[in-house]
Amino acid sequence: MDFRKVLVGLTLAIVCEIRWSHGCPLVSGLPDTNCDGKAVVTVLGDSLVAGIGDSVHNNKGGYVLRAAKHFPNATFHNLGEGGATATDLIFDLERAFSGRGHRRLLTAVTTADLIIVDIGRNDQWRFKTPLATRRNLTRVHDIIQSNVKSLTGHNTLVVTALLMVPKRLRQAPWIGELNGLLRSSNKTSAPADLRFDTVPKRYLSEDRIHPTSKGYDKLASVFLSYLTFKFPSHVRDIRLDRDHDGLYDEFESERYGTLSTRADTDGDGTRDGYDPDPLHQP
């Protein structure tokens, strides 16, 4: 028995109790890209994601916690680990998807509507080149996409963040080069346009790499703007709704039995995505 599929199946079975036609495309103001009736955002990263330096919240939470407060009915997974590198994340993902541990990680990525990858700054200490790290980040994206597709039947949105630049003399130019590589690799199928690199260095703490609480406020502001504007825009690119009925085309026939070319399949005057029983003939 493949425990991965069992775990994912149990998770999705719970949300099946919700009327599917009410779960798509917005939940708590966020796109529900997998139409499971929930809004889930997962952030993968290192100590900066975890919230080190955030004295207001005892070095926990950071920008993820701040953003989550604006979406009380959504679920935010903060999987930031101190000292983590892109290589470490690849290893953890491979273990999770192969059933060798990291069940929390598996659940967080297979149920997510949006996955943010904010990692790579520690790679410089492992003598990685910016190009090698960019390649590893591409591999992270591909591992998540292929395995989530295999387990759930749909693609998810994985976004790579451009890193906030530290004040450390050797690390700053290295991260600047990595950010340049990420910008040049940005594309619709693999966005790299969450611009944490726009937060000024003056918001860093005395260690010159982790933000202060005010710095995390600034990062949260960038993140909230992304969730409000960029995220929905990307969803429109990967999830078509040609008849504008509130249900994504790829889920209509298989999951709901509705037509992707007809907004009101049963002809009762209510668009399918807002109809409690979209197949009931009036």
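Bear in mind that the values in this text are calculations on the coordinates, not laboratory data. Predicted model, so just to flag it, every value in this text is computed and none were measured. Note: ideal-geometry Cβ built from the backbone for every residue, glycine included; neighbour counts use all protein chains shown.
Could you work out [θ]222 nm for the chain from helices alone, using -39500 (n - 2.57) per DSSP H run of at least four and dividing by all its residues? Round to the nearest 500 deg cm²/dmol. The per-residue figure over the chain is -11000 deg cm²/dmol.
Of T129, T110, the sequence from fewest to most neighbouring Cβ atoms within 10 angstrom is T129, T110. For region 241-282, the Cβ-based charge dipole about the Cα centre amounts to some 40 debye (Lys, Arg positive; Asp, Glu negative; other atoms uncharged). Other residues lying with their Cβ under 9 Å from the Cβ of K201 contribute a combined charge of +3, Lys and Arg counting +1, Asp and Glu -1.
Take every Cα pair under 8 Å whose residues are at least 6 apart in sequence, average their separation, divide by the length of region 241-282, and the relative contact order is 35 percent. Of the trypsin sites (Lys or Arg not before Pro) in region 127-226, the ones in a loop by DSSP (not H, G, I, E or B) with at most 11 other beta carbons within 10 Å are R170.
When the alpha carbon coordinates of region 204-253 are projected onto the principal axes, the ranges are 55, 14, 12 Å, largest first.
GNM remark for the chain: springs join alpha carbons under 10 Å apart, and the peak mean-square fluctuation among D237, D113, D92 falls on D237.
Shown for H234, H280, H154: other C-beta atoms within 10 Å of each C-beta, ranked fewest to most, produce the order H280, H154, H234.
As a calculated quantity, the FRET efficiency between T188 and S253 at R0 = 25 Å, using C-beta atoms, amounts to about 0.55. Taking amide H as placed 1.01 Å from N in the peptide plane, L26 has its amide H under 5 Å from the amide H of D32, each at least 5 places away in sequence or on another chain. Using R₀ = 51 Å, calculate the FRET efficiency as 1/(1 + (r/R₀)^6) where r is the Cβ-Cβ separation of S225 and R95; round to 0.05. With R0 = 51 Å, the Cβ-Cβ based efficiency is 0.90. Ranking of L105, L169, L240, L114 by neighbouring Cβ atoms within 10 Å, starting from the fewest: L169, L240, L105, L114.
With the cut-off at under 14 Å, measuring from each backbone N in region 136-150 to a point 7 Å along the Cα-to-Cβ line of R104 picks out no residue.
Of all DSSP-defined beta bridges confined to the chain, some 20% are antiparallel rather than parallel. Could you tell me the distance between the Cα centroids of region 149-211 and region 71-111, to the nearest Å? Here the answer is 18 Å between Cα centres. Counting only alpha carbon atoms, the long axis of helix 213-225 and the longest principal axis of the chain meet at about 30°.
Recomputing Cα Rg over 2.2 N^0.38 Å from the coordinates shown identifies the correct label among [x] 1.01; [y] 1.06; [z] 0.90 as [y]. Extent of region 241-282 along its three principal axes (Cα atoms, max minus min coordinate, largest first): 25, 17, 14 Å.
Model label sites at S233 and F127, defined 7 Å from Cα along the beta-carbon direction, differ in position by 4.2 nm.
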